[in-house]
Amino acid sequence: MEQRVAWLYGYYSEDPNYPEGVRVNIEAIYDPPQFGEMNGFEIMYDESEAYVDMIAENLSLERVGWIYTSLNYESFLTAKEIREIARMQERFSVEHPEGVRISKFVTIVVKPKGDTGESGLD
């Protein structure tokens with residue numbers, strides 16, 4: 001079974017449920033060129049990436065996260081997945097007014113639930 005990854009585009013808004021809370025609103029998904037295999041995926045060079053980001057910006061959207069599939073049954077996230085998520089958090093971090101780098105980049109993992117083959121979001 002080939003694993004897949006996609007970029008999430010949307011915008012951030014205030015979350016009234018939490019003090020100074022931020023909510024991500026996802027409006028579009030972009031499936032970049034990639035090589036998928038049983039144990040993961042590799043995002044390939046995408047000559048359209050700048051155009052996709054430009055179109056998103058013209059629609060008042062930005063890249064807010066990514067979604068990928070995982071067949072990992074044993075743990076919530078593997079060490080490799082944690083490293084990739086941390087790399088994405090760093091890549092899409094911004095300077096906070098207090099002088100520290102922060103990231104609001106979200107990660108959604110879709111994986112099978114139990115032996116039924118049903119999938120779910122984590």
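Values for this structure:
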read-out	value
Whichever residue in the stretch 79-122 is part of a strand (DSSP E or B), in contact with a Ser or Thr (Cβ under 9 Å, 6 or more places away or on another chain) and open to solvent by 40 Å² or more (accessible area, probe 1.4 Å) and, among such residues, is modelled with the lowest pLDDT	SER119
Single condition ILE26 does not satisfy, out of (1) of a type in the set (A, V, I, L, M, F, W, C); (2) in a loop (DSSP other than H, G, I, E, B); (3) at pLDDT 90 or above	(2)
Every residue from the stretch 3-41 that is open to solvent by 100 Å² or more (accessible area, probe 1.4 Å) and either in contact (Cβ under 8 Å) with a residue 60 or more places away in the chain or touching an Asp or Glu at 6+ places or on another chain (Cβ under 9 Å) (or both)	GLU14, GLU20, PHE35, MET38
The lone exception for GLN3 - which of (1) touching a Ser or Thr at 6+ places or on another chain (Cβ under 8 Å); (2) in a strand (DSSP E or B); (3) more than 24 Å from ILE102 (Cβ to Cβ) it fails	(2)
The stretch 42-66, residues that are open to solvent by 40 Å² or more (accessible area, probe 1.4 Å) and either of a type in the set (S, T, N, Q) or touching a Lys or Arg at 6+ places or on another chain (Cβ under 9 Å) (or both)	SER48, ASP53, ASN58, SER60
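The values are calculated or read from the model by the stated rules, or taken from the named source; none is laboratory data. Quick caveat, the model's predicted, so the values are computed rather than measured. Counting neighbours? That spans all protein chains shown, and the Cβs are built from the backbone with ideal geometry, glycine included. When the accessible area is computed, the model is the full protein with side chains, heavy atoms only, and any ligands, DNA or RNA have been set aside. Shrake-Rupley method; radii C 1.70, N 1.55, O 1.52, S 1.80 Å.
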